[in-house]
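Novice: Structure in structure tokens, see below.
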Amino acid sequence: MTLRLDHFIGGEHSAPADGGYLTSTNPATLETLYEFARGTAADVDRAVDAAAQAFSSRIWRRMTPTQRGHLLRRFGDLITENADELARLESQDNGKLLREMVGQLAGLPEYLYYFGGLADKVQGSQIPTNSPEVINFTQREALGVVGLITPWNSPMTLTLSKLAPALAAGNTAVIKPSEYTSRTILRLAELADEAGFPAGVVNVVTGLGAEAGQALVDNPKLAKISFTGSTRTGAAIASATAGRFIGSTLELGGKSPNIVFDDADVSNAAMGVIAGIFAAAGQTCIAGSRVFAQRGIYDELLEKVTARAASIVIGDPMAPETELGPLAFEAQLGKVKEYVDLGVSEGGRIAYGGDRPDVDLPGYFFQPTVLTDTTNDMRVVQEEIFGPVAAVMPFDTEEEVLELANDTDYGLAAGVWTQNLARSMRMSQQLEAGTIWINMYRAMSPMSPRQGFKNSGVGIEHGIESMHEYTRLKSIWINTDEGPVADPFVLGR
Ligand code: NAD
């Protein structure tokens, strides 16, 4: 019998109000993995109510920041204790390589340890004013119930990037995971419960974006939405919440440039290009999908990248030798193929790949694909594909490549490969992206803040700054002068 998973609400597994379930499929084998609850507004309302009750409960309110930090650290320890299971479950759900998941699991507890360490540092400051008799200070307060909506490509990492700072700051949460990857997020909620978070502090409602996700966004009791996903959904969420004046953190799409100068170590740069676009089958927001190679090394770089692409081992994501697993679901496969066809119809040439590979599994596999003869204005170069497709384009000068790299609606990340320190600094100052990697690509840490520029988002994830996204700032003024009130018709300061 197929495994059936319910929502996690108020510390308990909870069946959907209308009894509906959806199924999740393994994208490598096409086997049905499990059924999960198809959440509706009634389920979301119950979860938000449970979170609101937990937020105002004495047990959560009276918990000291140090105790909250302990709970987060215990949660991190439990993730380590269950790392093998979590890695396997997520790999089965979205097709990510098991060895990449094992690596992610080794780093995931750090999110809980980092924000656990910050839980007792949610502090304001004392502000000098120009009135010696006035004391002014600020304090940071938890917001209340926060709604966390996450995608399928790195579900646990992207959920903990939000949940850890939200809990550290004293909020309670309702999570709506992607309909493609509910399982590990439900397991995380169970582990939070086991760590000792009071019932209702962490809730999960599974289901479709247009149903459960939309209902969460529309719930009037929410104090904030933190969303990671496509720019299109992010824009819809921004307009749906606009009239309610609640905060939203939006981590959105990308079309990042990976720039190789002719003074770079070309072998290293080629590996950086491969890591940028073929790791995780290109299904990462930070994919380095626009590769700019300076004319002097263009041929050499292209040769190295296509040779390595041709040797990539495609297949079962569970097998240790596999380097490229399947795309996460059928529509993704269709979208990637359509974009490759579009690129060719726009005048691009397939230097490698472009089709389905020969793999002895029935899943949604696609070859690592390298396009040449593309220009920066083509749709295939401007729109996010979210798959293993790189467009490699030549350039001549630093000024030219800066203009090309910045000529995009997105601004999530950029890579630069050069041995010239001054050039790397000039590039890092002038590239319009929230994360710049010099002689490296695809690195991330809970300690390092990241922000999407332009259509890649609003707000900050990771770092102390991200915890502030889950607080509001209050400014408190105290008059220590007990004498008569000064002129009531003049603004005090
Ligand atoms: P998506 O926008 O389709 O879905 C993301 C989440 O939003 C899912 O849980 C979905 O169910 C939900 N959703 C969909 N419609 C909704 C609605 N109307 N109201 C509320 N919720 C709704 O994105 P996806 O396909 O799951 O993820 C891929 C996208 O995520 C890519 O664009 C990628 O670049 C982006 N992404 C960004 C980052 C980042 O940090 N900037 C990280 C990872 C992925």
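Novice: Check region 357-380 and report whether any residue there is under 30 Å from Phe115 (Cβ atoms), within 15 Å of the ligand (Cβ to nearest atom) and buried (at least 17 other Cβ atoms within 10 Å of the Cβ).
Specialist: no
Novice: Here is a further query. Could you list, in sequence order, all residues of region 163-179 that are touching a strand residue (DSSP E or B) at 6+ places or on another chain (Cβ under 7 Å) and within 18 Å of Asn94 (Cβ to Cβ)?
Specialist: Answer for region 163-179, where residues must be touching a strand residue (DSSP E or B) at 6+ places or on another chain (Cβ under 7 Å) and within 18 Å of Asn94 (Cβ to Cβ): Ile175, Lys176, Pro177, Glu179.
Novice: While we're here: Does Ala279 qualify as being away from the ligand (no atom under 14 Å from the Cβ) and outside the structural domain of Glu31 (by TED's automatic domain parsing)? If you could, list the steps in order and put the result at the bottom.
Specialist: Working: away from the ligand (no atom under 14 Å from the Cβ): no; outside the structural domain of Glu31 (by TED's automatic domain parsing): yes.
No: the conditions fail for Ala279.
Condition check ((1) polar (S, T, N, Q); (2) within 14 Å of the ligand (Cβ to nearest atom); (3) outside the structural domain of Leu158 (by TED's automatic domain parsing); (4) outside any loop (DSSP other than H, G, I, E, B)) across all residues:
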site: Gly234; (1), (2), (3), (4): no, yes, no, yes
site: Ile237; (1), (2), (3), (4): no, yes, no, yes
site: Asp263; (1), (2), (3), (4): no, no, yes, no
site: Ala270; (1), (2), (3), (4): no, no, yes, yes
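Novice: Check every one of the helices (runs of 4 or more DSSP H) wholly within region 325-422 and list those with 3 or more residues that are free of Cβ contacts under 8 Å to residues at least 12 places away in the same chain and among the charged types (D, E, K, R).
Specialist: 398-406
Novice: Which one is farthest from the ligand (Cβ to nearest atom) among residues in region 203-216 that are crowded, with 21+ Cβ neighbours inside 10 Å and under 23 Å from Asn94 (Cα atoms)?
Specialist: By that ranking, first place goes to Asn203.
Novice: Turning to a different aspect of this structure: Any chance region 239-255 includes a residue that's away from the ligand (no atom under 15 Å from the Cβ), in contact with a strand residue (DSSP E or B) (Cβ under 7 Å, 6 or more places away or on another chain) and assigned by TED's automatic domain parsing to the domain that holds Pro177?
Specialist: Yes, region 239-255 contains at least one residue that is away from the ligand (no atom under 15 Å from the Cβ), in contact with a strand residue (DSSP E or B) (Cβ under 7 Å, 6 or more places away or on another chain) and assigned by TED's automatic domain parsing to the domain that holds Pro177.
Novice: So, one more: Report, by residue number, each residue of region 466-489 that is outside the structural domain of Asn130 (by TED's automatic domain parsing), in contact (Cβ under 8 Å) with a residue 12 or more places away in the chain and acidic (Asp, Glu).
Specialist: Asp481
Novice: Take the residues of region 217-230 that are buried (at least 19 other Cβ atoms within 10 Å of the Cβ) and near the ligand (Cβ under 9 Å from one of its atoms): which is nearest to the chain's Cα centre (by Cα)?
Specialist: My answer is Thr228.
Novice: Hey, another quick one. Can you list the strands (runs of 3 or more DSSP E) found entirely within region 2-80 that contain at least 3 residues being in contact with a helix residue (DSSP H, G or I) (Cβ under 6 Å, 6 or more places away or on another chain)?
Specialist: 7-9
Novice: Ile476: assigned to a strand (DSSP E or B) and either more than 16 Å from Ile246 (Cα to Cα) or within 12 Å of the ligand (Cβ to nearest atom) (or both), yes or no?
Specialist: Spelling it out, Ile476 is indeed assigned to a strand (DSSP E or B) and either more than 16 Å from Ile246 (Cα to Cα) or within 12 Å of the ligand (Cβ to nearest atom) (or both).
The values are calculated or read from the model by the stated rules, or taken from the named source; none is laboratory data. All of these numbers come straight from a predicted model, not from anything done at the bench. Quick reminder, even Gly has a Cβ in these numbers, built from the backbone with ideal geometry, and neighbours come from all protein chains shown.
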